[in-house]
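Everything on this sheet refers to the single structure shown next.
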Amino acid sequence: VEPDPEHPTGAAICAKGRAVPELVYAEDRVLYPMVRTRPKGDPDPGWQRVSWDEALTRVAAELNRLRAQHGSESVAYACTTGSGTSVSDGSMFIDRLMRAFGSPNNVYGTEICNWHKDEAFKYTFGAGVSSPDFERTACIIMWGHNPNVSWLSQGSRTAKARARGARLIVVDPRRVGPAAKADHWLRVRPGTDGALALAMAHVLLESGQFDEAGLRQWSNGPFLIHPDGHALSAADAGIGPQAHRVVVDMRDNSLVAVDPDLPVDAEAARHWLLDTGQNVLVEGANVHCKTGFALYRELCADMPPERAETITGVPSADIRAAADLLWTSRPVSLYAWTGVGQHTNATQTARAISLLYALLGSFDAPGGNVRFAAPPTKDVSGRDLLTQDLRRKTIGLAKRPLGPPKDGWITSDDFYRAVLEQEPYSLKGLVVFGTNLLVSHVDTARGVDALRKLDFHVHADLFMTPTAQYADVFLPVNTAWERRAMRVGFEMNEVAQSWAQYRHPVIETRGESRSDEWITFALAQKLGLGNHFWDGDADRAYEEILAPMDVSLDELRAAGRGVEVPAETPFHRHIADAGFATYSRRVEVWSEPFASNGQNPLPAYKEPAMSPVTRPDLSEQFPLVLTSAKSHAFCHSQHRNLKSLRRLQREPRLEMHPRAAAERDIAEGDAVVLATPVGEIELRAKLRDDLAVNVVAGQHGWWQGCEALDLPERPAIGPGSANFNAVIGNEDEDPISGSTPHRSYLCEVRKISV
Ligand SMILES: Nc1nc2c(c(=O)[nH]1)N[C@H]1C(S)=C(S)[C@@H](COP(=O)(O)OP(=O)(O)OC[C@H]3O[C@@H](n4cnc5c(=O)[nH]c(N)nc54)[C@H](O)[C@@H]3O)O[C@H]1N2
Ligand SMILES: Nc1nc2c(c(=O)[nH]1)N[C@H]1C(S)=C(S)[C@@H](COP(=O)(O)OP(=O)(O)OC[C@H]3O[C@@H](n4cnc5c(=O)[nH]c(N)nc54)[C@H](O)[C@@H]3O)O[C@H]1N2
Ligand SMILES: [Mo]
């Protein structure tokens with residue numbers, strides 16, 4: 001395996017990429033469909049090889065039975081992440097199958113992966129965080145994101161930008177990746193990033209260093225807010241209908257009604273009052289209404305850097321200097337990922353970061369975060385196939401109407417509850433494409449109970465995993481090198497995003513393993529849903545995807561390496577579109593959807609649910625703050641069986657400060673117990689003095705053995721387990737997204753004496 005130096009994503013290849021031959025030819029890959037012959041929970045499932053036809057006939061019969069008896073919503077699907085596997089080759093077909101079948105429940109894990117950067121950002125900008133314009137940016141913030149481990153083409157672009165003089169700020173409890181070369185490395189206490197973002201905004205607002213004109217014209221900051229906490233309506237003020245909002249014209253202090261449904265008139269908005277407020281006669285009484293922007297400024301005023309220092313541990317002088325650097329080094333680009341997403345306060349943290357970013361005026365500007373134009377394609381994921389009635393049944397929608405359930409994504413916690421407690425109704429079936437819930441999600445013990453109780457579970461994966469072990473039918477998936485795929489748009493810059501590529505299989509598929517695409521098409525036929533699957537002809541699906549483009553499937557097939565379909569990136573789309581894709585058509589400083597759903601319309605800082613501040617009662621027994629991060633050698637719960645990768649890291653690590661270690665008589669490499677209020681696992685101490693003394697960092701995903709190195713498999717739960725997520729609870733979650741505290745928990749560490 002070699003990188004293609006001409007591919008627009010870049011010429012870098014990671015250790016996992018180099019290890020591909022080991023993955024493809026791994027001896028423990030499952031190569032044939034199998035059915036279990038012994039009861040669930042039996043240590044030996046009694047796997048028996050069957051033909052594809054037998055396997056799929058059985059799966060279709062069971063799924064159709066559940067649908068007939070309990071409704072199609074009683075079957076959940078679970079799809080692994082496109083960021084850490086190759087499932088994206090076929091994920092549009094998996095989504096389509098789920099929707100054609102009628103399941104509104106996808107256990108997708110987005111709430112601990114990408115939801116905050118991609119969806120929470122939409123509540124501010126009407127678009128996800130989008131792509132840093134590395135080639136033109138003057139300053140990059142990496143916030144809870146380490147691309148050197150997680151996304152090489154971003155990592156190398158960051159280094160390149162740095163080398164040509166771009167400034168760099170890294171917010172991370174560990175000094176890793178780009179932090180080594182950063183202008184400012186802000187070592188935040190895990191889970192307190194929201195306070196840091198408010199404090200940086202404090203500095204900018206206090207010194208008048210913010211895009212005042214942009215916010216006046218293009219944000220809902222000028223909208224007046226009633227002191228009881230709702231956006232003042234034109235009807236309240238007696239100047240228009242209920243749905244219209246109210247702003248103040250600074251020229252004569254008159255009230256103006258604004259219809260949020262109309263295109264933004266930026267010219268008129270130049271005269272609107274952005275800050276402070278005005279007295280308004282509401283139902284005969286004089287009421288002082290502040291603007292949404294004034295309320296945000298007050299929230300930030302309440303978080304001076306000195307206060308933020310006591311919360312976050314970041315010195316106030318560094319907060320001030322970093323904030324000043326942002327203003328003096330525009331355009332600024334930013335990426336924030338799982339470091340800020342796996343907390344019980346994650347959504348408001350994302351809001352706080354997005355509002356700080358809004359102050360800089362860099363969104364969708366060249367050198368800021370932009371949406372590079374991609375060639376047009378047709379979405380074949382079948383959004384139209386699921387009825388409104390079924391959509392309303394997505395589990396968690398009532399609790400979290402603003403969150404992932406509105407797109408059909410449910411949390412593992414809600415999935416377990418529905419199986420075990422029939423709440424809000426009973427889930428009976430599970431169709432899995434790759435996800436390893438018991439190791440990647442919290443509360444493994446409850447997960448085991450739920451998997452044991454399922455009526456029917458089919459699992460498609462390359463390997464037998466702790467989660468797949470509970471399946472009734474196992475379907476062998478092949479690797480990306482044994483199947484075809486097509487991709488349009490590679491994100492990183494204009495050329496990459498305009499790249500379209502058809503990838504031929506490199507080798508014959510091993511055994512009887514098949515692609516996710518093949519499985520979804522074959523299963524759809526068996527389920528009687530072939531009419532939604534081009535009657536089994538996948539080429540027609542590819543042609544439909546490409547139809548809006550000027551390139552045919554045959555041309556793409558012949559091109560091999562891909563073709564560029566040039567498209568011009570518009571920048572500042574809100575000007576041509578006369579607005580943003582938000583509720584108010586403006587950048588939402590004060591979020592009306594949040595307010596009307598009982599959430600704080602402004603990102604007030606809230607401590608993580610499990611922190612030394614929230615739970616002083618636990619501080620004696622569990623004095624350390626626990627976070628986690630990914631390993632450069634593996635993805636999540638995969639790849640530990642591959643020799644060249646396992647050599648890079650043989651044992652699961654727990655990183656801790658040398659002083660914290662010394663206090664516990666722990667030395668580098670010692671076997672230690674990580675204890676939390678939920679349970680205990682065993683890891684190896686790795687000392688690093690960049691951490692705060694009271695912070696330790698683990699890694700998730702450990703279970704697999706590596707025969708070539710004589711390293712045994714370890715249980716997902718119970719004695720000898722190294723499964724990080726088995727010791728994280730899910731009693732607390734983010735109220736909007738449902739995220740769980742993988743990165744802000746409490747723990748103690750002790751040496752295992754031998
Ligand atoms: N090698 C490898 N690459 C991967 C993956 C993998 O498993 N392995 N997985 C892929 C997937 S699915 C994803 S979602 C991406 C994720 O990509 P990233 O989000 O970049 O992944 P991490 O390295 O886990 O986390 C980034 C940083 O967050 C820091 N962090 C921990 N707690 C906090 C906190 O409270 N605040 C802040 N500010 N930072 C914190 C960690 O120290 C870490 O350096 O990576 C993708 N790429
Ligand atoms: N403590 C802690 N927990 C975390 C995280 C963390 O940072 N800390 N990160 C979280 C994040 S960001 C994510 S995305 C989740 C990931 O959680 P999961 O989605 O469970 O990811 P994996 O554990 O990598 O399991 C993926 C499985 O898919 C299989 N697979 C690989 N390629 C394919 C394919 O093309 N098709 C099919 N059908 N299967 C395939 C692999 O063999 C593997 O068994 O974990 C989360 N859990
Ligand atoms: Mo992820």
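The values are calculated or read from the model by the stated rules, or taken from the named source; none is laboratory data. Fair warning: this is a prediction, and the values are worked out from it, not measured in the lab. Ideal geometry is used to build each Cβ from the backbone, glycine not excepted, and the neighbour counts take in all protein chains shown.
Some values worked out for this structure:
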item: Whichever residue in the stretch 138-153 is surrounded by fewer than 23 Cβ atoms within 10 Å (Cβ to Cβ) and among the polar types (S, T, N, Q) and, among such residues, is nearest to ligand 1 (Cβ to nearest atom); result: Ser150
item: Looking only at the stretch 721-732, and only at residues there that are away from ligand 1 (no atom under 16 Å from the Cβ) and either of a type in the set (Asp, Glu) or modelled with pLDDT under 95 (or both), the one that is farthest from Leu438 (Cα to Cα); result: Glu731
item: Only listed residue being within 12 Å of ligand 1 (Cβ to nearest atom), hydrophobic (A, V, I, L, M, F, W, C) and under 24 Å from Ser153 (Cα atoms), chosen from Val171, Val188; result: Val171
item: Qualifying position, being modelled with pLDDT of 95 or more and under 25 Å from Thr110 (Cα atoms), among Arg483, Arg514, Arg452; result: Arg452
item: Residue within the stretch 51-68 that is out of contact with any strand residue (DSSP E or B) (no Cβ under 8 Å at 6 or more places or on another chain), under 23 Å from Gly447 (Cα atoms) and assigned to a loop (DSSP other than H, G, I, E, B) present; result: no
item: Residue within the stretch 132-142 that is within 13 Å of ligand 3 (Cβ to nearest atom) and in contact (Cβ under 8 Å) with a residue 60 or more places away in the chain present; result: no
item: Where Lys686 falls short, out of the listed (1) under 22 Å from Phe463 (Cα atoms); (2) touching an Asp or Glu at 6+ places or on another chain (Cβ under 8 Å); (3) without any contact (Cβ under 8 Å) to a residue 40 or more places away in the chain; result: (1)
item: Evaluation of Ile736 against (1) out of contact with any Ser or Thr (no Cβ under 6 Å at 6 or more places or on another chain); (2) modelled with pLDDT of 95 or more; (3) in a loop (DSSP other than H, G, I, E, B) (one fails), failing number; result: (1)
item: Of all residues in the stretch 1-24 being touching a Lys or Arg at 6+ places or on another chain (Cβ under 9 Å), assigned to a loop (DSSP other than H, G, I, E, B) and of a type outside the set (Asp, Glu), the one that is surrounded by the fewest Cβ atoms within 10 Å (Cβ to Cβ); result: Val1
item: Elements of type helices (runs of 4 or more DSSP H) in the stretch 305-413, at least 2 residues being touching a Pro at 6+ places or on another chain (Cβ under 9 Å); result: 305-312, 316-328, 346-360, 388-391
item: Meets criteria (within 16 Å of ligand 2 (Cβ to nearest atom) and of a type outside the set (Phe, Trp, Tyr)) for Ala336; result: yes
item: Residue in the stretch 647-669 that is touching a residue at least 12 places away in the same chain (Cβ under 8 Å), within 16 Å of ligand 2 (Cβ to nearest atom) and more than 26 Å from the chain's Cα centre (by Cα) present; result: no
item: Failed item, numbered, when Arg514 is tested on (1) of a type outside the set (Phe, Trp, Tyr); (2) in contact (Cβ under 8 Å) with a residue 40 or more places away in the chain; (3) more than 27 Å from Leu385 (Cα to Cα); result: (3)
item: Residue match in the stretch 371-381 (condition: closer than 18 Å to Pro104 by Cα and either modelled with pLDDT under 95 or touching a helix residue (DSSP H, G or I) at 6+ places or on another chain (Cβ under 7 Å) (or both)); result: yes
item: Which numbered condition Ser83 fails, given (1) within 16 Å of ligand 3 (Cβ to nearest atom); (2) farther than 30 Å from Trp337 by Cβ; result: (2)
item: Looking only at the stretch 96-113, and only at residues there that are among the hydroxyl-bearing types (Ser, Thr, Tyr) and within 16 Å of ligand 3 (Cβ to nearest atom), the one that is nearest to Gly536 (Cα to Cα); result: Tyr108
item: Index of the failed condition, Val264 passing every other in (1) exposed (fewer than 13 other Cβ atoms within 10 Å of the Cβ); (2) more than 18 Å from Ala294 (Cβ to Cβ); result: (1)
item: Residues satisfying the stated conditions in the stretch 739-753, i.e. part of a loop (DSSP other than H, G, I, E, B) and at pLDDT 95 or above; result: Ser739, Thr740, Pro741, His742, Arg743, Ser744, Ile752
item: Count of the stretch 305-335 residues which are within 15 Å of ligand 1 (Cβ to nearest atom) and either over 15 Å from Phe125 (Cα atoms) or among the charged types (D, E, K, R) (or both); result: 8
item: Complete set of residues in the stretch 89-128 that are among the basic types (Lys, Arg) and within 16 Å of ligand 2 (Cβ to nearest atom); result: Arg96, Lys117
item: Residue match in the stretch 618-640 (condition: free of Cβ contacts under 8 Å to residues at least 24 places away in the same chain, more than 16 Å from ligand 3 (Cβ to nearest atom), within 27 Å of Ala350 (Cβ to Cβ) and of a type outside the set (A, V, I, L, M)); result: no
item: Some residue of the stretch 182-196 being among the basic types (Lys, Arg) and either more than 14 Å from Thr349 (Cα to Cα) or in contact with an Asp or Glu (Cβ under 6 Å, 6 or more places away or on another chain) (or both); result: yes
item: Qualifying residue in the stretch 39-52 (condition: under 23 Å from Gln525 (Cβ atoms) and within 16 Å of ligand 2 (Cβ to nearest atom)); result: yes
item: Residues within the stretch 566-602 that are surrounded by 20 or more Cβ atoms within 10 Å (Cβ to Cβ), aliphatic (A, V, I, L, M) and assigned to a loop (DSSP other than H, G, I, E, B), tallied; result: 2
item: Any hit, the stretch 552-567, residues being closer than 30 Å to Asn725 by Cβ and either at pLDDT below 95 or over 25 Å from the mean Cα position of the chain (by Cα) (or both); result: no
item: Lone qualifier among Phe463, Phe433, Phe490 - being within 16 Å of ligand 1 (Cβ to nearest atom), aromatic (Phe, Trp, Tyr) and surrounded by 22 or more Cβ atoms within 10 Å (Cβ to Cβ); result: Phe433
item: Flag for Thr676 being within 27 Å of Ile311 (Cβ to Cβ), within 16 Å of ligand 3 (Cβ to nearest atom) and under 27 Å from the mean Cα position of the chain (by Cα); result: no
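Each row is one residue, and each column tells you yes or no for (1) within 16 Å of ligand 2 (Cβ to nearest atom); (2) surrounded by fewer than 23 Cβ atoms within 10 Å (Cβ to Cβ).
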residue	(1), (2)
Arg136	no, yes
Ser156	no, yes
Pro173	yes, no
Ala195	no, no
Ala201	no, no
His226	no, yes
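So that you can scan it fast, the table gives a plain yes or no per residue for (1) part of a loop (DSSP other than H, G, I, E, B); (2) closer than 16 Å to Ser721 by Cα:
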residue	(1), (2)
Asn641	yes, no
Glu651	yes, yes
Ile666	yes, no
Glu682	no, yes
